[in-house]
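Peer 1: Encoded as structure tokens, here's the structure I'll be asking about.
Readers should treat all values here as calculations from the given coordinates under stated rules, not as data from a laboratory. Fair warning: this is a prediction, and the values are worked out from it, not measured in the lab. No Cβ is skipped: glycine too gets one built from the backbone with ideal geometry, and neighbour counts run over all protein chains shown.
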Amino acid sequence: MAERRLRRWWWLVLLGLFAGRLASIPAHVVLDYNEGWNAFHALHAMRGAALYPAPDAFTGNNYPPLSFYLVGAVGRLLGDMIIAGRLVSLAAQIAVGAGIYAITRRMAAPASAAPFWAVLLFAGFNATLMRSYVAMDDPQWLGHAFMVWGLAAALWRGERPIPLGRALLSAMLVLAGGLTKHNIIGVPAALGLGLMAYDRRAFGVLAGVGLAGLAGALCADHAWYGGHMFADVLGPDRAYAWVRLARHAALLVVWGPMMWLAWPLWNMAARGGDWRARVVMLGACIAVPVGIVEGSGAGVDINAHFDSLIFLSMAVPLARAQGLPRWLGRGLGLGLALWAMVANGQEFAGLGRAKAAQAPFIAKVAATSGPVACELLAVCYWGRKDFELDFFLYNQRLAKGHGAAALQSALARGRWRAIEVEVLDDDAHTSRLRAMIRTAYRPVLMQGNRAILVPR
């Protein structure tokens, strides 16, 4: 009875933790650069517009296509692609948590508290370290949802060989995850290695479905996307830096102790004969270094470590089947409750300020006759303009030494009636793209260092 009361206390704390993020779902407030970017691609998918532009275009798309069609279908019903993307992302995040619970429940002893602690670890990290991705219009959690349930299908009963139907379902879900977000390595790698060692037939199904999916994607690329999809997704210009690698490696302060706590699971698998435990540990061992390496790329955020969180959220409670001491649970609950008060207070206060700050820019963009380019793409989306210029991808091209003659010519001709920029002038960190814009455009609306510019 006391254990149940403790768990109810935890659920109340966690629900309160996310209040500020949930309140932002219907608001015309930009949570991240990616929101407008994803919304435009979902809109293009529904309109049949070019989802993958030519490599020399002013825009680009380095994500696989599946999420754009799924979010686009929801957005068509709701009338707003950004809000639709937030709801889909939130539902996917809940689905990942449910998958973690289901896998841990299947692998733990009947009376074990491991499933509860697995979900608690997952939710706690999402409420704190990875909070910015809660209910954000981004396909990362959707890709992980497919992957985690593909893993669950394979590990469901632990029998060998896995029934053919379930092996096929697992492979198709993993494929769907790859067609949603291509940087999710942990599940397919760990599952592939585990099945190669313990169930060759299921591995053959996984490999066969993967190859069939690749062939189908190649055909779709040439039939629907003009042969640009693979070039855009796999070959974008992106800068990598040792500084970013070191910053992401700092997460070893968190992942290292969790790996140490989880490591007995590897030996327990050998003693107990449950091959699934080694698949979970393989996933953690693969995901942690992959996340650090991926993090060295420009524009890569905390989402590079979602795989690490997923596998370690399962591995630690399974390895420590006795659970955590009750006093520690209460202490963590109190700490998260205090975090919730601070984080939610900041978010609720910031929501009003952000609305007031962004509204004039959205209104100015909407009132401008003709094409407008936006650095913060959600401003153009809510201003009923199109996707004209991808600041991030174009900056990466410039950093890699690509020529800028076409863009300079477009700016000199005044191709865009207005351009919205998030940082007008920053001598220490100004981009070459912004410098080029300032030579041909002048500001007409400024707020702090943010501006809308028109041709000189």
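Peer 1: How about the chain: what cysteines have no other cysteine beta carbon under 4.7 Å from their own?
Peer 2: Those would be CYS219, CYS285, since no other cysteine Cβ in the chain comes under 4.7 Å of theirs.
Peer 1: Quick check on the exposure proxy: order PHE146, PHE348, PHE58 from fewest to most C-beta atoms within 10 angstrom.
Peer 2: Ranking PHE146, PHE348, PHE58 by Cβ neighbours within 10 Å, fewest first, gives PHE348, PHE58, PHE146.
Peer 1: So, one more: Got the relative contact order for region 31-324 handy, in percent, Cα pairs under 8 Å and 6 or more residues apart?
Peer 2: 23 percent
Peer 1: Which order do the peptides 285-295, 198-208 take when ranked by the mean count of other beta-carbon atoms within 10 Å per residue, highest first?
Peer 2: Ranked by mean Cβ neighbours within 10 Å, highest first: 285-295, 198-208.
Peer 1: In what sequence do TRP339, TRP141, TRP382, TRP260 fall when counting other Cβ within 10 Å, fewest first?
Peer 2: TRP260, TRP339, TRP382, TRP141
Peer 1: Using amide H atoms built 1.01 Å from N in the peptide plane, name the residues 5+ places from TYR441, or on other chains, whose amide H lies under 5 Å from its own.
Peer 2: ARG456
Peer 1: Multiply the residue separation of LEU338 and ARG47 by 0.36 nm, subtract the distance between their alpha-carbon atoms, and state the gained length in nm to one decimal.
Peer 2: Difference between extended and current length: 100.2 nm.
Peer 1: Could you name the lysines whose alpha carbon sits less than 21 Å from that of LYS400, not counting residues in the same chain fewer than 8 places away?
Peer 2: none
Peer 1: Under 20 Å Cα-Cα from LYS355, which aspartates and glutamates qualify once same-chain neighbours fewer than 8 residues away are excluded?
Peer 2: Within the straight-line limit of under 20 Å, LYS355 reaches these aspartates and glutamates: ASP32, GLU35, ASP80, ASP137, GLU347, GLU375, GLU420, GLU422.
Peer 1: Quick one: what are the phi-derived ³J(HN,Hα) couplings along region 192-209, Karplus 6.51/-1.76/1.60 with θ = phi - 60°, whole Hz, x for glycine and proline?
Peer 2: x, 5, x, 5, 4, 7, 10, 7, 5, 5, 5, 5, x, 5, 4, 5, x, 5
Peer 1: Calculate the translational D of the chain in whole µm² s⁻¹ from Stokes-Einstein, where the hydrodynamic radius comes from the Kirkwood formula applied to all Cα pairs, the temperature is 4 °C and the viscosity 1.567 mPa s.
Peer 2: Values: Rh = 23.6 Å.
After rounding, the answer is 55 µm²/s.
Peer 1: At a 10 angstrom cut-off on C-beta neighbours, averaged per residue, how do the peptides 297-304, 184-191 rank from highest to lowest?
Peer 2: Values: 297-304: 18.1, 184-191: 22.8.
Final packing ranking: 184-191, 297-304.
Peer 1: What's the exposure ranking of MET107, MET229, MET81, going from fewest to most Cβ atoms within 10 Å?
Peer 2: Listed from fewest to most nearby Cβ atoms, that is MET229, MET107, MET81.
Peer 1: Leaving out same-chain residues fewer than 8 places away, which lysines sit with a Cα under 17 Å from that of LYS385?
Peer 2: In chain and number order, the partners are LYS364.
Peer 1: Rounded to whole Hz and in sequence order, give me ³J(HN,Hα) for region 165-178 from the Karplus expression 6.51 cos²θ - 1.76 cosθ + 1.60, θ = phi - 60°, writing x for Gly and Pro.
Peer 2: x, 6, 5, 5, 4, 4, 5, 5, 5, 4, 4, 4, x, x
Peer 1: Here is a follow-up. Once you have the Cα-Cα distance between VAL444 and ARG157, take 0.36 nm times their residue separation minus that, and quote the gain in nm to one decimal.
Peer 2: 96.9 nm
Peer 1: Counting only residues 5 or more places away or on other chains, whose amide H sits under 5 Å from the amide H of ALA113 once H atoms are built in the peptide plane?
Peer 2: none
Peer 1: A further question on this structure: How large is ³J(HN,Hα), in whole Hz, for each residue of region 150-160 in order, when computed from phi with the Karplus curve 6.51 cos²θ - 1.76 cosθ + 1.60 and θ = phi - 60°, using x for Gly and Pro?
Peer 2: Coupling constants for region 150-160: x, 5, 4, 4, 6, 9, 3, 10, x, 7, 9 Hz.
Peer 1: Now for a separate question. Can you classify region 368-455 as rounded, prolate or oblate using the Cα gyration tensor, where a ≥ b ≥ c are the square roots of its eigenvalues, rounded means a/c under 1.5, and otherwise it's prolate if a/b beats b/c and oblate if not?
Peer 2: Rounded, because the longest to shortest axis ratio a/c is under 1.5.
Peer 1: What do you get for Rg/Rh of region 136-175 when both radii come from the Cα atoms and Rh is the Kirkwood radius?
Peer 2: My calculation of the ratio gives 1.10.
Peer 1: Where does the chain land at 222 nm, in deg cm²/dmol rounded to the nearest 500, when only DSSP H runs of n ≥ 4 count, each adding -39500 (n - 2.57), divided by all residues?
Peer 2: It lands at -21500 deg cm²/dmol.
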